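Shown next, in structure tokens, is the structure this report addresses.
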Amino acid sequence: MVCLVLVAFCAAAWLVHTRYRVEKQNDTVEQLMDYQAILMMARREGVTSRQLLQRFHEAGITTLAVYDTTLERQDREGVLIAVPGAELRHAAPGSYGGVFDGLLASGSVRPDTVYVARGKDDTAWSETVEDLRLRYGTDRVHPVAGREDLLEILGDDRMLQVPDYRAKTPIMQAPLGLSTKELKEVHDAGFYAAVRPQNYLPVTEEAVRSLFRRIDASGAQVTLYVPAGTDVLGYPDKISLLGDALSQRNIRLGLLEHVTQLQFTKFEGLDPLLRAVDYNAPRIYNIDALENSKLQMPDALRRWALADEERNIRVNYLRPFNKPQQGVDIIDLNLSYARQITEQVKARGFRIGVATVLQNPYGPQVLAADGSLRRTDNGAAVFGGPYFPAKAGFLVVALGALAGLALYGNLIWRRFTLRWQLAFVGLGIVVTAVALFCGRGLLIRQLLALAAAAVFPVLSLSVILRLWENIQGRETPTAAIVGHALWQLALAVAISLVGATLNAAIMGDNRFFLEADIYRGVKLTFVLPVLLTFFLFLSENDIFHGGGDAVHVRPASLVKQVVEVCRTKLSLYHVVFLGVLLFMAYIFVGRSGHTDGVPVPAIEIKLRTFLEQVMYARPREKEFMIGHPAFFLAAYAAYRKAPAWLRLFLVLGAVIGQGSLVQTFCHMRTPAVMSYIRALDGYALGAVLGIAAVVLVSLLHRPVLRWIRRFSVHE
């Protein structure tokens, strides 16, 4: 079984090396802001939009997002004239330049109707007429009195001051397609463009094609399509058409990371579109508008470069601050914000430009002669296809997870001999092969990843427990115990990293990198190693009669141990002790995952910020604050022949650190190298705290020993 694990580890290490290449070439970050947000800032602050756009370009903003225009916006900008019928009925002759005088004189102005008159921009007018008819149909869009330069649109003519998300948007504020004029302005200002059109109801091929006609006519270099509204353009049955059009122009699909930092903001049809563009998609980070309005600039600033490095974010979508902070006015505040983000991103080794994507490093024509990524006219790197390793490689890696399960089975049940272990592994490989080659095999891969994440932390502790069984005497100096614990913890970490590497390979493809698929057993990964270690300890140590002189006393059986635990009469001491354990479990499990749970104290947030600044990869608190110090104390307890129940408690604490270490590798969005470094940083910091804990306990050894003996069975 150990040989199978080593073979699987070698295969996994090769796949992780290939994954490293995938992540290494993904090294360019795109800086994105809303075009209209900059224009509004310019109007409010009394500066020219051209000047302000230039300053943001110099600050590192590469791309501007262009949304659908609206009748309200076009009327405000003087592109055309749009008036709600309820308002027009009360207008005096000569209002609105006299364009509606004939209609007013006839007395035929209707409520619940919007009236639109042609302006000076012929292109804007033709696009408006086209989109109105695509969105509302010819039954609701009519020329007025046979005039082609004057239209009426039947429907909701309200002007909402506050958006009503419970109802369909009124006509004046409803999406009306991209403006060729805006796309040209973005291009002329020297920016790339990201397009964010909303879907049509009902959607037609002509509606989808109209978007790309405007993109092509504008000459803009569009690098990103980011969905807006509730569903992607083309949903439900024109998604493949959209995907083909995006792929032909090498326009990537932007995936907005969810506010919980788990997967991405859900739009109907997003996953089919992701498949349609063959996973040519970067991940986008943006701070929620409500949260952004409450943040101070320095607090928001530290997030961006860290997200790029730790979560494979390649598009920073900046929202501007709309009020002064700390004596700095809006324009200077936002320019400083963009400039500092750019500097921090570069300081972490990234380039600023059109975002690269995670792709097959062996794809065709990806690299130019100088070794750099080849790029198309819009600046986006040539896409060589998604990275999906050969399924045969997964089978070899699966051997390791299955063999790990077999090893654990043998540890707690001696009758699970080699013959049965081989049969179990063989059956597991057959099931895995069928699942992989007859489908996607997503469920079996997630189960194998869960198995590796749950079992290898326990196997690492089982090796250490064997070492502690052979300890002779009680007089080992404290300094020697610390020395032994240092290399023993390093050995445990190394074995756990074998399981972590298997995990990194089992889930190592584009869907997991982009979090289209995710690891589903986060909370189980924290709980199962503790339970499995508990059973392992009971199978090898008698916690009722194993104190004092012997570190290792073989119990009659695991089942009898569990039964005896269940039959233990509860005293007030037990109730208090169990209450403390339950509270610790609540904190432990509640702090895991990405959903709302136990809040993080302010002092811990400050500690995290400090560690992010002084270490390459901030280690996880469960490792350096709980698991590794508990390991040192467990070693001290083993060398001092402490009672079995105390050693059990400390060993369970120690396995928390090993489980957390392996669970780090289940976050596939995090580069593999960073996860390995995080484990080493956790070992270093945990060792420091562990040594401090051992020194403190050794100084208090006699009073602690007296306290332990008060509650020991064999006092």
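The values are calculated or read from the model by the stated rules, or taken from the named source; none is laboratory data. Being a predicted model, the structure only gives us computed values, none of them experimental. Because the Cβ atoms are built from the backbone with ideal geometry, glycine has one as well, and the counts that use them run over all protein chains shown. Ligands, DNA and RNA are excluded from the accessible area calculation, which covers all protein heavy atoms including side chains. Shrake-Rupley method; radii C 1.70, N 1.55, O 1.52, S 1.80 Å.
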Worksheet item: residue 192: accessible area at probe 1.4 Å, nearest 10 Å²?
Response: 60 Å²
Item to complete: Could you grab the relative contact order for the stretch 17-138? Cα pairs under 8 Å, six or more apart, rounded to a whole percent.
Response: 21 percent
Discussion item. Using protein chains only and a probe of 1.4 angstrom, how many square angstrom of residue 668 are accessible, to the nearest 10?
Written reply: 10 Å²
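Sort 121-129, 257-265 for me by packing, meaning the mean count of neighbouring Cβ atoms within 10 Å per residue, highest on top.
121-129, 257-265
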Worksheet entry | Cα principal axis extents for the chain, largest first, Å | 107, 55, 52
Worksheet, complete the sentence: Judged on accessible area alone, 1.4 Å probe, highest first, 512, 437 line up as 437, 512
Worksheet item: For residue 523, which lysines qualify as cross-link partners when the Cα separation must be under 17 Å and same-chain residues fewer than eight apart are set aside?
Response: 622
Practice prompt. Arrange the residues 377, 101 by how much accessible surface each exposes, largest first, with a 1.4 angstrom probe.
Written response: 377, 101
Response to the item:
Taking R0 as 22 Å and r as the Cβ-Cβ distance between residue 339 and residue 677, the FRET efficiency 1/(1 + (r/R0)^6), rounded to the nearest 0.05, comes to 0.15
Worksheet entry | Neighbourhood charge, 10 Å Cβ-Cβ cut-off, centred on residue 130 and excluding it, Lys, Arg +1 and Asp, Glu -1 | +1
Practice prompt. Just tell me which aspartates and glutamates come within less than 12 Å, Cα to Cα, of residue 24; anything on the same chain fewer than 8 places away is out.
Written response: 309
Item to complete: Place +1 on the Cβ of every Lys and Arg and -1 on the Cβ of every Asp and Glu in the chain, take the dipole about the Cα centre, and give the residue among 498, 676, 186 whose Cα lies farthest towards its positive end.
Response: 498
Worksheet, complete the sentence: If the chain between residue 247 and residue 92 were fully extended at 0.36 nm per residue, the gain over the current Cα-Cα distance would be 50.6 nm
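Would you list 346, 181, 294 from the most to the least accessible area, probe 1.4 Å?
Order by accessible area, largest first: 294, 346, 181.
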Worksheet entry | Whichever lysines have a C-alpha closer than 17 Å to that of residue 569, once near sequence neighbours (fewer than 8 apart) are set aside | 560
Worksheet item: Excluding residue 379 itself, what net charge comes from residues whose Cβ is under 15 Å from its Cβ, given Lys and Arg +1 and Asp and Glu -1?
Response: +3
Worksheet item: How much accessible surface does residue 310 have with a 1.4 Å probe, in Å² rounded to 10?
Response: 30 Å²
